[in-house]
Each structure stands twice: as structure tokens, then as C-alpha cells.
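Engineer: The following block contains the structure, expressed as C-alpha cells.
The values are calculated or read from the model by the stated rules, or taken from the named source; none is laboratory data. Treat the numbers as computed from the prediction; the structure is a model and nothing was measured. Cβ sites come from the backbone with ideal geometry, for glycine too, and all protein chains shown count toward neighbours. Protein only, heavy atoms only, side chains kept; ligands, DNA and RNA dropped before computing areas. Shrake-Rupley method; radii C 1.70, N 1.55, O 1.52, S 1.80 Å.
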Amino acid sequence: MTFDPIALTREPEFRLNSAPKHHPDDATLVSYASGGLSAGAQLLLQCHLACCEHCRERVTEAEAIGGGLLEHLPQAKMNTSVDDIFAKLDLLDSDPISQAEEIPVKRPDWLPEWAEPVAKWLETDQNWQRLAPGISQIKFEQPEFAKDKAVRLLKISPGTCMPSHGHNGSELTLILSGSYCDETGRLCAGDVADLDPDIKHQPIADRDQDCICLIVTDAPLKFEGWIPKLMQPFFGL
Amino acid sequence: MEKVQSASQNWNQALTEVGENRDREQFAALYQHFAPRVKTYLLRFGLSDAQAEELAQEALLQVWRKAEQYHASKAAASTWIFCIARNLFIDQQRSGRGKLEQSTDSYHEHEGLLNHQEQASEDDNSWQSSQKHIEDALKELPLMQAQLVYKSYYQGKSHSEIAADLEIPIGSVKSGLRLAFKKLRLSLAADSFAGGETL
Ligand SMILES: [Zn+2]
């Protein structure tokens, strides 16, 4: 099955040297298709989908379920008649689509092409903020991400070992560059860690280069993501 | 041998003709079939009647405008229109227009709606049979899984929101959705609207 029924929000497709091996949970792909993801999680999935054919196919299937369900909804009363709509169509046809051109954003060197959607959220001259030895972050605090607990980029120096931790809320990690190893295996550029809350793991960044990842925590109310918890001993966050 | 086309394939063809020939008659048919359903879809998300009406109109106008980009070999018309409505809703929420009441009603309160089509017009009998698979598959899901599908697709809720709603752990939301997806995918594979391979 091919992808992209509509060219509305999808990104172009990229082929990585080795296709991603770690994918989001099916439940997460379903939520992407049903429109239930927070803005941060949607951004992360958009990047992964741009480089993962496997998940694009899954999303296409989940969207087909949405189409099937749409067919089964009862009909609400439309107050707009077909004639009204044709009048609007005439207006539209006489007025060629004025598309708001997106201003091209500069993509930093460390950001791969398939993760272009991330660039839009980086402020100009945004600097990495040091959190702990070998760990720094860029936090996205735009109002669009209000529904996310936290959306951030994390840069981990080669060989840095993160403390072992579990997750209380749902948390997604996308590797943008470099790689790390944990109990689930080796995660490389394009891979997504979508761990169930009860799974404990201890990531160790590989030694050859910085590992940069996008981490989205969707944990409103009582839930806490692993990053704040992880940093508590250092900063009392 | 003459092939009988399913209603779903008829909609695919109608949309294709709108794209290729700007066929207004076909568009009127699409509008009458899909606009009232898109509006219901948007109402379920908690939009007011006026907001849902406006957005459903906008969705169908986008159908007209973007129909050239539609390929029946890639998706059913209903899926394509679902994606347009979903994206419009997401954009509207992000842009902060239209605040909505979070709906907390649940699947079984609407279960009946899946079974009867009160205002069904005559064209509906045909598509009902072709879409039987997903309807049956949904009814065969255990109540909790149907609930998760309902809250995901008809309320656009995230895993943690659903977990809070139903007072179950996020892990259970995910595993339940996973199982439901597995079953619904199978029913899709057996159905015609997953793609146009049969065309
Ligand atoms: Zn994938």
C-alpha cells in the first residue's frame, strides 16, 4: 500500500541507510491517525513517519478505520444547502487559492533532513542549556505545546550513562542523531522508544558522537515524566 | 464478467470525477452523503452546532479544492474525507479558535447509534452492506476496547486523557488499543475500502 492519501500535513518521505527498527506502539499510531496526540507527540510522529515506511502503512490502516467509522455516524442536520455550497464553490473558483507561504526555516547542522518539522520550533540562536554533566537540553515552551507535559531536545555526550528509571506517564523518545543502548537494544537515528510506563531502563549514549533526541512527555495531572524525575537530584525541579 | 461495485467504490469514483472533471453533480452527492456525517463527527468532539456546521462546510470545500490530489488506489473517499475533517479540527484547536467542553460520555451511550440510521436516506442501504465488516468488528470488541476506540476516534483523546477518564493505567489503555487495532485491521483487510486494488 502506498502512502499519503492527502498532502495536507504529511512530510516528504526519506529513506535512511538502515530503516528504523524501533517503532512507536500501535496504540500511539492509532492515536496519531485518530487525532488524539498532543502537539508534541504529533510532531515526533511526523518526523518518524517521514523516515519509516512500516509505520506509514500502519497509520494508513488506522486512518481507514477512521473512514469506516465516519461512514457509520448518524447524520446531523446541515443548515447549509447544496445550493449555498455551490455559491461558495463559485466564489472559490473565481478566487484562486491564496496559500500562506511557509517561511523557510534554517535547519541546524545536527538536525537531519527528515526531522525538518522540528526546525520551525527552534528560536534563532537558541542555545543548549546545560542540565548535568554530559546532558543539555532545549525546551519547547510555545503555547501550541500547552497540552504536553514537556517537549524537549536532549543532547547526551558520548558515553554518558543515564540513571536507571521507570516512567509514570506516557513518554516518547525519537533519536535524531547518534545512538544509545538500553535494555531494549540499540536505538539509532529514526528509532522511537515508546515504552510502557512499567518498564525500567537505563540508556547509555554510544561513544562515537553526541546523541540527540526529541522527548515528549504527555502526562497531565498526577503523572510525571522521567526527565523531571531524573533531574530532581541535580536541580530539585 | 461484470463486476458489481460496492457503494464505497462508488464514492471513490465520485470523488475521482470531482478531481478530474470538476463534476458538480458528483460533488453534490458527496456533500449530501458526507457533510452531515462530518458534522456529527465534529459534534462528538464537543464543538457547538454552529462551529461544527462551519467546519463541516469548510471540510467539504476542501474536498472540492483538493480533489485532484485524491487517488482511489491509495485510500477510500471516506478515509480521505475523515483525514481532512480531522486535520481541520486539530488546526482549529491549535490555533485556539473555538474552545470546547471536554465530552466525557462513553461508547455505550452511543452504541445504539451504530446500529440504526434514523435519518438514513435511500442511498444508505447500499453502503451499509459494504461497510458491514468494520461495524461487525466494532460490535465484537469487548466493551472496554470499543470504549478505547470510541474515545480515540470520536473524542480525539490522548492515552493519558483516556486513562484519567476511565481511571485505568496508561499501560492498559495502550494494550487495549493495540488489541482493538489488531482486530479492526483484520476486518479492514477483508473489506474493500482499505484500497482500490480491486478496481
Ligand atoms: Zn516506524
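Engineer: Report the gain in length on full extension from A:Glu57 to A:Gln209: 0.36 nm times residue separation, minus Cα-Cα distance, nm rounded to one decimal.
Structural biologist: 51.5 nm
Engineer: Could I ask something else about it? Students often check this: by mean Cβ neighbours within 10 Å, which of A:76-83, B:166-173 ranks highest, and how do the rest follow?
Structural biologist: Ranked by mean Cβ neighbours within 10 Å, highest first: B:166-173, A:76-83.
Engineer: A:Cys161 to B:Gln13: FRET efficiency via 1/(1 + (r/R0)^6), r the Cβ-Cβ distance, R0 60 Å, to the nearest 0.05?
Structural biologist: Details: r = 59 Å, r/R0 = 0.98.
Efficiency, rounded to the nearest 0.05: 0.55.
Engineer: Something else now. Determine the gain in length on full extension of the stretch A:Arg130-A:Lys200; use 0.36 nm per residue of separation and subtract their C-alpha separation, reporting nm with one decimal.
Structural biologist: Residue separation times 0.36 nm, minus the Cα-Cα distance, leaves 22.7 nm.
Engineer: With a point put 7 Å past each Cα toward its Cβ, work out how far A:Lys120 is from B:Glu167 in nm, to one decimal.
Structural biologist: 4.0 nm
Engineer: Another question, then. Got a sec to turn the phi values of segment A:69-74 into Karplus ³J(HN,Hα) couplings, 6.51 cos²θ - 1.76 cosθ + 1.60 with θ = phi - 60°, whole Hz, x for Gly and Pro?
Structural biologist: Karplus-based 3J(HN,Hα) across segment A:69-74 equals 5, 4, 4, 8, 6, x Hz.
Engineer: Oh, and also: Taking a probe of 1.4 Å and counting only protein heavy atoms, give the total accessible area buried between chains A and B in Å², rounded to the nearest 100.
Structural biologist: The A and B chains share an interface burying roughly 6800 Å².
Engineer: Hey, another quick one. Considering amide H positions built from the backbone, and no H for Pro or chain starts, which residues 5 or more places from A:Tyr180, or on another chain, come under 5 Å of its amide H?
Structural biologist: HN-HN under 5 Å from A:Tyr180: A:Leu187, A:Asp206.
Engineer: Please find the FRET efficiency linking B:Ser48 to A:Cys181, where r is the Cβ-Cβ separation and R0 is fixed at 60 Å, and quote it to the nearest 0.05.
Structural biologist: 0.75
Engineer: Between B:Met144 and A:Ala87, what's the calculated FRET efficiency when r is the beta-carbon distance and R0 is 51 Å? Round to 0.05. Please report the intermediate quantities before stating the final value.
Structural biologist: Numbers: r = 47 Å, r/R0 = 0.92.
My answer for the efficiency is 0.60.
Engineer: Working only with C-alpha atoms, what are the Rg and Dmax values of segment B:18-93, expressed in angstrom?
Structural biologist: Radius of gyration, then largest Cα-Cα span, for segment B:18-93: 12.1, 36 Å.
Engineer: If you don't mind, there's one more thing I want to ask. Let me know the mean shielding of A:106-113 by other chains, meaning the per-residue number of their Cβ atoms within 10 Å of its Cβ.
Structural biologist: Taking the mean over all residues of the peptide, I get 0.
Engineer: Here's another thing I want to ask about it. Inside 10 Å of the C-beta atoms of B:84-90, what's the mean count of C-beta atoms belonging to other chains?
Structural biologist: Neighbouring Cβ atoms belonging to other protein chains average 4 per residue here.
Engineer: Sticking with this one: Hey, got the average number of other protein chain Cβ atoms within 10 angstrom for residues in B:146-158?
Structural biologist: Partner Cβ neighbours, averaged per residue: 5.
Engineer: Heavy-atom accessible area of B:Tyr150 with all protein chains present, probe 1.4 Å, nearest 10 Å²?
Structural biologist: 10 Å²
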